[in-house]
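Report on one structure; see the data block that follows.
The values are calculated or read from the model by the stated rules, or taken from the named source; none is laboratory data. Predicted model only: the values in this text are computed from it and were never measured. All Cβ positions, even for glycine, are placed from backbone atoms using ideal geometry, and neighbour counts span all protein chains on display. We work out accessible area using only protein heavy atoms, side chains counted, and drop any ligands, DNA or RNA first. Shrake-Rupley method; radii C 1.70, N 1.55, O 1.52, S 1.80 Å.
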Amino acid sequence: MSWMKTAKYSVELRDFLAARGAGLTVGFVPTMGALHRGHLSLAEAARRECDVVVASIFVNPTQFNDPADLASYPRMPEQDMKLLEGAGVDVAFVPSVEEIYPKPDTRQFDFGPLARVMEGASRPGHFNGVAQVVSRLFDIVQPDRAYFGEKDFQQVAVVRAMVGQLGYKVEIVSCPTVREADGLAMSSRNLLLDKAHRAAAPYIYMALQKGVELGRSLSPAEVRSHVVQAIDATGLLRTIYFNIVDTLTLQEVERWDDHRAIRGCVAVQAGAVRLIDNIAFRS
Ligand code: PAF
């Protein structure tokens, strides 16, 4: 017998939260399912810090700019439910597309330069879709704290900007990237890697780590070209971008000393799969 509640409809979720009583802090973990230890670390953090924990599983069509990517996105609902329950989630919200978008969401957000670089430049419309769904989910769940993985570094920045623009009273908590034993950042997309690309994928984080080491003596531009070369030299991985950016503006840096906190963010094509990762150069 499962004690975790599953809600398909917003009203069911609201009724459940109301029945738990007023004044309790609600922690929220939005996901697109195909859960891994990274997601579970978010649910566990929410469990430690909040009275009630809600996790959503919703593969949001509006954030996919490529229909093939949406179609191939891994889905494993039964396993996901068991994992959420094991992580101590109180209620799993599993809405349909009609529940989230009873009518098409035509909102166009403007997050300025923040959303125009990196993922924003290489996946047009992606962050608009993320902002649409996260704001819909925040309207429904009304969380006090919402948990996001640092692997999606730019997404966290965009969500914070959205919260500022729309005036949500939610604290955005960003949690460290969880990695496989060989360093590969956990991602639902790792499941889609074939054997050869899975074997090559750890070189992404190795290259980032080497980049940080080289950053002690080389300029950002020099580090950049070393990292790109190291990734591309695998023959199986192709760097889409590697930007060394100021953590607040996400714009590229020219000199280390001009910035307080600096991050290296990378996107890589590994066969049919697109992977992202990042590392702190200065924090
Ligand atoms: O990071 C994700 O899995 C998604 O972008 C999110 C935040 C659940 C919105 O669909």
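Some observations on this one:
- Centre separation in Å (Cα based) which lies between the range 241-283 and the range 71-146: 23 Å
- For the range 59-211, the alpha carbon convex hull comes to 148 Å³ per residue, rounded to a whole number.
- Extension gain for the segment residue 196 to residue 179, taken as residue separation times 0.36 nm less the Cα-Cα distance, is 4.2 nm to one decimal.
- Helix-only mean residue ellipticity at 222 nm for the chain, each DSSP H run of n ≥ 4 adding -39500 (n - 2.57), per residue, nearest 500: -11500 deg cm²/dmol
- When the solvent-accessible area of the range 162-283 is split by element, carbon and sulfur atoms take up 52 percent of it, the probe being 1.4 Å.
- Accessible surface area normalised per residue over the chain is 47 Å², counting heavy atoms of protein chains with a 1.4 Å rolling probe.
- Non-local Lys pairs in the chain, i.e. 8 or more apart or on different chains, that have alpha carbons under 22 Å apart: 4
- Prolate is the label for the range 174-283, because a/c, from the alpha-carbon gyration tensor with a ≥ b ≥ c as root eigenvalues, is 1.5 or above and a/b exceeds b/c.
- Difference of contour (0.36 nm per residue) and Cα-Cα distance, residue 252 to residue 2: 85.2 nm
- Using 0.36 nm per residue and subtracting the Cα-Cα separation, the extra length available between residue 12 and residue 165 on full extension is 52.3 nm.
- Shown is the FRET efficiency for residue 214 and residue 66, computed with R0 = 51 Å from the Cβ-Cβ distance and rounded to the nearest 0.05: 0.95.
- Convex hull volume per residue for the range 1-94, taking Cα atoms only, in Å³: 106 Å³
- Cα-based helix-to-principal-axis angle, 77-86 vs the chain, degrees rounded to 10: 80 degrees
- Test item: Cα-centred dipole of the range 1-63, Lys/Arg +1 and Asp/Glu -1 on Cβ, debye: 80 debye
- The long axis of helix 153-166 is offset from the longest Cα principal axis of the chain by roughly 50 degrees.
- Evaluated with a Cβ-only charge set (Lys, Arg +1; Asp, Glu -1), the range 170-248 carries a dipole of roughly 200 debye about its Cα centre, given to the nearest 20.
- On the principal axes of its alpha-carbon atoms, the chain has extents of 58, 40, 36 Å, going from largest to smallest.
- Debye equation applied to the C-alpha atoms of the range 162-235, log10 I(q)/I(0) at 0.12, 0.18 Å⁻¹: -0.52, -0.83
- Modelled label positions at residue 261 and residue 222, each set 7 Å beyond Cα in the direction of Cβ, lie 2.8 nm from each other.
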